[in-house]
2 protein chains.
Amino acid sequence: MREGAEVGDRRHHMSSEEFRRHGRQIVDWIADYWECVETLPVLAQVEPGAVRAKLPQEPPVEGRPFDELMALLDDVVVPGLTHWQSPNFFAFFPANVSGPSVLGELLAAGLGTQGMLWATSPSCTELESHVMDWMTRMLGLPDDFRASSSGGGVIQDSASSATLCAMLAARERATGFACSLQGLRAPLRAYASTQAHSSVEKAAAIAGIGRSGLCAVDTDPMLRMNPDLLAAAIARDRKQGKEPFFVCATVGTTSSLAVDPVRAIGELCRSEGLWLHVDAAMAGTAALCPEYRYLNDGLEFADSYCVNPHKWMLTNFDCDCFFVADRAPLLSALSVLPEYLRNQASESGAVIDYRDWQIPLGRRFRALKLWFVIHHYGIRGLQCQVRKHIALAKEFAGWVHDATDFELAAPTTLNLVCFRHRGGDAVNRRLLDELNGSGKVYLSHTVIDDRLTLRLCVGQPRTEQHHVRAAWELICSMAP
Amino acid sequence: MREGAEVGDRRHHMSSEEFRRHGRQIVDWIADYWECVETLPVLAQVEPGAVRAKLPQEPPVEGRPFDELMALLDDVVVPGLTHWQSPNFFAFFPANVSGPSVLGELLAAGLGTQGMLWATSPSCTELESHVMDWMTRMLGLPDDFRASSSGGGVIQDSASSATLCAMLAARERATGFACSLQGLRAPLRAYASTQAHSSVEKAAAIAGIGRSGLCAVDTDPMLRMNPDLLAAAIARDRKQGKEPFFVCATVGTTSSLAVDPVRAIGELCRSEGLWLHVDAAMAGTAALCPEYRYLNDGLEFADSYCVNPHKWMLTNFDCDCFFVADRAPLLSALSVLPEYLRNQASESGAVIDYRDWQIPLGRRFRALKLWFVIHHYGIRGLQCQVRKHIALAKEFAGWVHDATDFELAAPTTLNLVCFRHRGGDAVNRRLLDELNGSGKVYLSHTVIDDRLTLRLCVGQPRTEQHHVRAAWELICSMAP
């Protein structure tokens, strides 16, 4: 037996052989999981604390065998999971994943490279710029969003962070590039519709604007922001000495997939000198298809834009694609340059350092998984997904439309159906609880026209017509 | 041949069989990469634009074969990588990874679960609370940081985000829980030493405090914050009508691993009513060992604390462990509650919803990789790493100390050696460029006492004594 410090240390690591073996084990475990996930209760059927109660109280002093971990995974972790990859998952929004994406994530983990600066891993930065430029072509986004222009794209962890970055860039521009240095001095005003994502409110809180500094603009009956009311709000605020600076328009609200009139809002923003951010987190993916390209209407007025391949484009969370038409305000808002990060490449101005495009400093090689997905599916394969999900949602909407006890609460233009039983809130609440409690499907809810509304969102790669049909039959069978 | 929409869609997906096969391929690729990474140039030897120039200009219309991706990976991506997992990587800080961590990340990707709420995947939340509680025991952190107390821990993507969250919580508490609603109104003042991480400045910019709202407190000759100067700065600011609210103390600065006197700073913060955040991003890991537990001295005064297992604890980026002693200000600063996220478990108050503990809404199942690491290594295995790296750094420091042409620029207390050639800045600059240009090692630099200083940080699992010895011999051979 060998001795000494080096051997003592080596002993603790997983050997190359063990890594290969356990790696295959996990790959197979995932493949098996995907094959059987539809047989598991979609929504975890556990009480608070149940998972923790079954885990070892104390951290192990000595390392434990891998097989023990796998047993705990099966016995403790899996029963406490809500299965986002189940074909019967229809709640919230999809967070769909795919083989190529998972393998891209695995590769990024194995490389363990840090992309904070171009110099700390040129491939990490350049592949990211490259696939982000690809995204502009795939989705038909404005040329200004390309890295070769005044703007460019960057992968953020989420649309929440994208919205925050957009708001910070807007704040910087509105204050003559002074706010990041001097701090916030004037009462700035931001605008979004009453249907906008909660992350706009969260961003306002973080940026020091305050939740009450965000004006919630009313919508039309189709739940789209009313641009006349936006104009009136801006005028009123200016009269009161407040300073409007930022508007978030939503292309596909979380609640009902309503699409704000971006062109009208954009023209107003342009004439008022306000920053326009367009949040197309889920719905933006549909612009892969020419027939849904209309979702981009007015984007030439957008100062920033985001869409999440980690929602509906088969790419693991986290992968939000965030674009700006002009990178200067963003960089001014977020740049730092400590001595220990100085390097020739950065100072030459010839490279992008993505640490200045985001909140954190460090960054994973997230472009790999997006690259793997685009390479594997091609534009055609991704379009096919979008079309299929929309077709299934429309089919479901047809059944709702034809049922006497149910009604549609919003038009089904993409992959989300908002509907309710005509029996009122209590009936719908009970129906939702029973459906989700059955473990057979998972739906979520919203409130539309002050009434509790069920949401069925189709976005899983494994969801087929028979799953949607079974969901509808279950709903009908559980309805009073 | 089958026909129809379902088949058309299925065709594009990677089959279960293909996923298993390509999964093995990537696992083996990673194992091979780790085995040979020390033979590759550590710092990428490519010019700006070189990687992009070799990638296909247009995104593929039809999906492409996986083998083509693997070929591009080898031919285009790898030559543009800086190899953070090389045993010859001594720059910045380690971002070390390990077999169990990579497999935990893989599993999280395959499950594709969203942990924004307890209800959206109870295991994701509960395993996170559990391993974060483990971390408090492993590192000897205060009881207040446990989930069962008034505080608790959460995994953030980075120490930058942890610092921002700490500052937002502090801002909230300092404004009587009003800032997140009403916005920032008073000129708040934050404090950190001149040696603190750039993320403190970035957080001040984001939070609307402004970079100039952050007071950089001078240090003693050992580069530790001087608490008397901190007290004087606070008194001066109060006199000028500014409102001190936040102090960031650093346990292990990025530049030189200096440790601020947390106890003295903490007592001052307590008497002045200021929030104390302790940033122990890399060095905090050393507290795994009883002999380095002194790094925690004074932590009972900390309102928040962070340490990064993704630096020196063999866990893939991103994994920053962020703890608060009282969760109320954090939740007040970051909570949102749109209708579509309401659920019984949240409303019962019996569960943690981590979306309110962080900037983004969505979150991956990051606890898995940390769990895998702790389970595999045990406390003993992790201690062994820390001790080995520190021993190697001290050995290197001894060689520097004994060399007539070189000098140490700061004491080597942990795994970082700050040193320089006695020939002055130009000599050190040239030496650094030649070392890194050789591809044989990668070191970074800082400025200490106004002089360019080389940094050699030991933190790779594959770094053995002979690597450190070879680095020193290379340095000596290239020195004038």
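The values are calculated or read from the model by the stated rules, or taken from the named source; none is laboratory data. Just so it is clear, the structure is predicted and the values come from calculations on it, not from any experiment. For neighbour counting, all protein chains shown are included, and Cβ atoms are generated from backbone atoms with ideal geometry for every residue, glycine included.
Among the residues of the stretch B:455-480, write down those that are within 26 Å of the chain's Cα centre (by Cα) and outside any helix (DSSP H, G or I).
B:R455, B:L456, B:C457, B:V458, B:G459, B:Q460, B:P461, B:R462, B:T463, B:E464
Select from the stretch A:281-313 the residues that are crowded, with 24+ Cβ neighbours inside 10 Å, part of a helix (DSSP H, G or I) and of a type outside the set (A, V, I, L, M, F, W, C) and list them in ascending order.
Within the stretch A:281-313, A:G284, A:T285, A:P309, A:H310, A:K311 meet the criteria.
Spot the failing condition for B:E105; the list is (1) over 19 Å from the mean Cα position of the chain (by Cα); (2) at the interface with another protein chain (Cβ under 9 Å from one of its Cβ atoms), and only one is missed.
Every listed condition holds for B:E105 apart from (1).
Rundown of residues vs (1) in a loop (DSSP other than H, G, I, E, B); (2) among the hydroxyl-bearing types (S, T, Y); (3) within 26 Å of the chain's Cα centre (by Cα); (4) not assigned by TED's automatic domain parsing to the domain that holds A:V37, yes/no style:
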{"position": "A:A391", "(1), (2), (3), (4)": "no, no, yes, yes"}
{"position": "A:E407", "(1), (2), (3), (4)": "no, no, no, yes"}
{"position": "A:A410", "(1), (2), (3), (4)": "yes, no, yes, yes"}
{"position": "A:T453", "(1), (2), (3), (4)": "no, yes, yes, yes"}
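State yes or no: is A:A264 buried (at least 16 other Cβ atoms within 10 Å of the Cβ) and in a helix (DSSP H, G or I)?
Spelling it out, A:A264 is indeed buried (at least 16 other Cβ atoms within 10 Å of the Cβ) and in a helix (DSSP H, G or I).
Can you name every residue in the stretch B:48-91 that is over 21 Å from A:Y377 (Cα atoms), touching a Lys or Arg at 6+ places or on another chain (Cβ under 8 Å) and surrounded by fewer than 17 Cβ atoms within 10 Å (Cβ to Cβ)?
B:D75
Anything in the stretch B:337-381 that is more than 7 Å from chain A (Cβ to nearest Cβ) and of a type in the set (D, E)? List them, or say none. Give the steps one after another, and end with the answer.
Of the residues in the stretch B:337-381, the ones more than 7 Å from chain A (Cβ to nearest Cβ) are B:337, B:341-344, B:346-349, B:352-358, B:363, B:365-371, B:373.
Residues satisfying the conditions are B:E347, B:D353, B:D356.
Looking at the stretch A:35-57 only, could you name the residues that are at the interface with chain B (Cβ under 7 Å from one of its Cβ atoms) and either within 28 Å of the chain's Cα centre (by Cα) or charged (D, E, K, R) (or both)?
Correct list: A:E35, A:A44, A:V46, A:P48, A:V51, A:R52.
For B:D318, only one of the following conditions fails: (1) under 21 Å from B:F145 (Cα atoms); (2) in a helix (DSSP H, G or I); (3) of a type outside the set (A, V, I, L, M, F, W, C). What is its number?
It is condition (2) that B:D318 fails.
Being surrounded by 15 or more Cβ atoms within 10 Å (Cβ to Cβ), touching a strand residue (DSSP E or B) at 6+ places or on another chain (Cβ under 9 Å) and part of a helix (DSSP H, G or I) is the filter; apply it to the stretch A:426-451 and report the residue that is farthest from the other protein chains (Cβ to nearest Cβ).
Within the stretch A:426-451, the match that is farthest from the other protein chains (Cβ to nearest Cβ) is A:V427.
Hey, among A:A186, A:A216, A:A232, A:A192, which residue is assigned to a helix (DSSP H, G or I) and in the same structural domain as A:A264 (by TED's automatic domain parsing)?
A:A232
Condition first: farther than 21 Å from A:L382 by Cβ and buried (at least 24 other Cβ atoms within 10 Å of the Cβ). Now tell me which residues in the stretch A:119-153 satisfy that.
The answer is A:T120, A:S121, A:P122, A:S123, A:C124, A:T125, A:E126, A:G152.
State yes or no: is B:G176 more than 13 Å from chain A (Cβ to nearest Cβ), modelled with pLDDT of 95 or more, over 19 Å from B:G266 (Cα atoms) and surrounded by fewer than 23 Cβ atoms within 10 Å (Cβ to Cβ)?
yes
Sort through A:M138, A:M167 and tell me the only one that's assigned by TED's automatic domain parsing to the domain that holds A:T253 and touching a Pro at 6+ places or on another chain (Cβ under 9 Å).
The unique qualifying residue is A:M138.
Could you list, in sequence order, the residues of the stretch A:334-376 that are surrounded by fewer than 24 Cβ atoms within 10 Å (Cβ to Cβ), in contact (Cβ under 8 Å) with a residue 12 or more places away in the chain and over 27 Å from B:N96 (Cα atoms)?
The answer is A:H375, and nothing else.
Can you tell me which of (1) among the β-branched types (V, I, T); (2) closer than 30 Å to A:G63 by Cβ; (3) assigned to a loop (DSSP other than H, G, I, E, B) is the one B:V417 doesn't meet?
Checking B:V417 against (1) among the β-branched types (V, I, T); (2) closer than 30 Å to A:G63 by Cβ; (3) assigned to a loop (DSSP other than H, G, I, E, B), the one that fails is (3).
Of the conditions (1) under 30 Å from B:H445 (Cα atoms); (2) buried (at least 24 other Cβ atoms within 10 Å of the Cβ), B:T194 clears all except one; give me its number.
Only one criterion is unmet by B:T194, namely (2).
Within the stretch A:452-466, how many residues turn out to be farther than 26 Å from B:H13 by Cα, surrounded by 22 or more Cβ atoms within 10 Å (Cβ to Cβ) and not β-branched (V, I, T)?
Residues in the stretch A:452-466 being farther than 26 Å from B:H13 by Cα, surrounded by 22 or more Cβ atoms within 10 Å (Cβ to Cβ) and not β-branched (V, I, T): 2 in total.
Can you pull out every residue in the stretch B:9-55 that is over 30 Å from B:S438 (Cα atoms), part of a loop (DSSP other than H, G, I, E, B) and of a type outside the set (D, E, K, R)?
Listed by number, the residues that qualify are B:H12, B:H13, B:M14, B:S15.
So which residues in the stretch B:125-148 are in contact with a helix residue (DSSP H, G or I) (Cβ under 7 Å, 6 or more places away or on another chain) and at the interface with chain A (Cβ under 9 Å from one of its Cβ atoms), if there are any at all?
B:T125, B:E126, B:L127, B:S129, B:H130, B:V131, B:W134, B:M138, B:A147
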